[in-house]
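Notes to accompany the following structure.
The values are calculated or read from the model by the stated rules, or taken from the named source; none is laboratory data. This structure is a prediction, so every number in the text was calculated from the model and none was measured. With ideal geometry, Cβ positions are generated from the backbone for all residues, glycine too; neighbour counts draw on all protein chains shown. Ligands, DNA and RNA are excluded from the accessible area calculation, which covers all protein heavy atoms including side chains. Shrake-Rupley method; radii C 1.70, N 1.55, O 1.52, S 1.80 Å.
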Amino acid sequence: MSRCLSYIALSALLTAGAAHAAPADCPEAAGIVAAAYQDASAPDKLGRIRLSGSGDVIALQSGNRHNPFAVTCKAWPAKPELLLAAVPVMRDLSGAKAADGHDGDLDVLVLERATLQPLRKRRLPGLMKDDAVRLTGVVFDTARYDLSQDERAFGIRVTRSASSTGSMQGETSLRLFVMSEHELHVVLDGLLVSRLQGAWENECDSREEKRDVTLSVDEAKSAGYQNLVATDTRVSRVYAPQGAKCVDRVTDKTTARHTLAFDGKTYSIPESLRAPDRRLGN
């Protein structure tokens, strides 16, 4: 795979699931922050809002380039009267520390869409922290995760990636949330849903390992919720010259199915499907 193809493949990973998990503008962002954080300042010229109590910073989207550390939101198709919001609450790092990465939490909110009144809020400590493997995306997943007859979950996908001379890697994790009468519960915490690793020696001498995990709802139940079925597909591929062309060849492909059962609090995740950032947000 050429270096150009490598970046294309990595971009494909970062945009996987775009039909239901694409980043979007959030024109309500300033109003969401004002309604949910009583100690929020007015945005500065760069769209940064400081919380006076902690000194933490919340960013609004600014310019044409999507900022994964800024507020994002989405109307919930299953309940169009509600608005879902993801609010990164970041430590105010500066200088050399900022160059080394980011540190922060993610607040997940459910609000009344018409008034922006916050109804539920859940903080995931440390989830916005990154280092050499950069956090590159936080998007809502509003697929039909019907966990019971009258309860649908929504998801958040977090993507991280890194690249250097001759190599690249990227991965996406998924968390599912359910609204109860008074709380917002994390019922699936850090399922690995995609991973891409690649290395190349030159323009047409490379290898790639791609992994995609799709999630579906099973008919069987555990502790009141439908089981989830994770289908894990792994494909290994090499790129090599063939005459004047650079062609790819699949060297290995496997598919495995895993049943995730609910234990009354969360869905169990097999070790092989646990995302590295699963330790965060707890």
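Go through the stretch 184-214 and give me each residue that's modelled with pLDDT under 95 and surrounded by fewer than 21 Cβ atoms within 10 Å (Cβ to Cβ).
197, 199, 200, 201, 202, 203, 204, 205, 207
Please state which one of 33, 89 is at pLDDT 95 or above, open to solvent by less than 60 Å² (accessible area, probe 1.4 Å) and within 18 Å of residue 126 (Cα to Cα).
Details: 33 fails: within 18 Å of residue 126 (Cα to Cα).
On inspection, the qualifying residue turns out to be 89.
Can you tell me which condition residue 177 does not meet? The list is (1) over 30 Å from residue 240 (Cα atoms); (2) open to solvent by 40 Å² or more (accessible area, probe 1.4 Å), and all the others hold.
Among (1) over 30 Å from residue 240 (Cα atoms); (2) open to solvent by 40 Å² or more (accessible area, probe 1.4 Å), residue 177 violates only (2).
What is the residue count in the stretch 120-150 for residues that are open to solvent by less than 60 Å² (accessible area, probe 1.4 Å), part of a strand (DSSP E or B) and either in contact (Cβ under 8 Å) with a residue 40 or more places away in the chain or among the polar types (S, T, N, Q) (or both)? Give the derivation first.
So the first thing to find is which residues in the stretch 120-150 are open to solvent by less than 60 Å² (accessible area, probe 1.4 Å), and the list is 120, 124-128, 130, 133, 135-143, 145-148.
Narrowing the set further to residues that are part of a strand (DSSP E or B) leaves 120, 124, 130, 135-143, 145-148.
Remaining after also requiring either in contact (Cβ under 8 Å) with a residue 40 or more places away in the chain or among the polar types (S, T, N, Q) (or both): 120, 124, 135-143, 145-148.
Residues meeting the conditions: 15.
What single numbered condition from (1) under 20 Å from the mean Cα position of the chain (by Cα); (2) modelled with pLDDT under 95; (3) farther than 18 Å from residue 276 by Cβ fails to hold for residue 132?
Unmet condition: (3).
What number of residues in the stretch 50-69 are closer than 19 Å to residue 125 by Cβ and out of contact with any His (no Cβ under 9 Å at 6 or more places or on another chain)?
First pass over the stretch 50-69, keeping only residues closer than 19 Å to residue 125 by Cβ: 51, 53-59, 68-69.
In the following step, the residues that additionally are out of contact with any His (no Cβ under 9 Å at 6 or more places or on another chain) were identified as 51, 53-59, 68.
Summing the residues that are closer than 19 Å to residue 125 by Cβ and out of contact with any His (no Cβ under 9 Å at 6 or more places or on another chain) in the stretch 50-69 gives 9.
The rows are residues; the columns are (1) assigned to a loop (DSSP other than H, G, I, E, B); (2) over 22 Å from residue 178 (Cα atoms); (3) open to solvent by less than 40 Å² (accessible area, probe 1.4 Å); (4) not charged (D, E, K, R).
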{"residue": "241", "(1), (2), (3), (4)": "no, yes, no, yes"}
{"residue": "246", "(1), (2), (3), (4)": "no, yes, no, yes"}
{"residue": "250", "(1), (2), (3), (4)": "no, yes, no, yes"}
{"residue": "253", "(1), (2), (3), (4)": "no, yes, no, no"}
{"residue": "257", "(1), (2), (3), (4)": "no, yes, no, no"}
{"residue": "264", "(1), (2), (3), (4)": "yes, no, no, yes"}
{"residue": "269", "(1), (2), (3), (4)": "yes, no, yes, yes"}
{"residue": "272", "(1), (2), (3), (4)": "no, yes, no, yes"}
{"residue": "278", "(1), (2), (3), (4)": "no, no, no, no"}
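Being in a strand (DSSP E or B), among the aliphatic types (A, V, I, L, M), open to solvent by 50 Å² or more (accessible area, probe 1.4 Å) and under 30 Å from residue 142 (Cα atoms): is that true of residue 217 here? Step through it out loud before you land on a result.
Numbers: in a strand (DSSP E or B): yes; among the aliphatic types (A, V, I, L, M): yes; open to solvent by 50 Å² or more (accessible area, probe 1.4 Å): yes; under 30 Å from residue 142 (Cα atoms): yes.
Yes: the conditions hold for residue 217.
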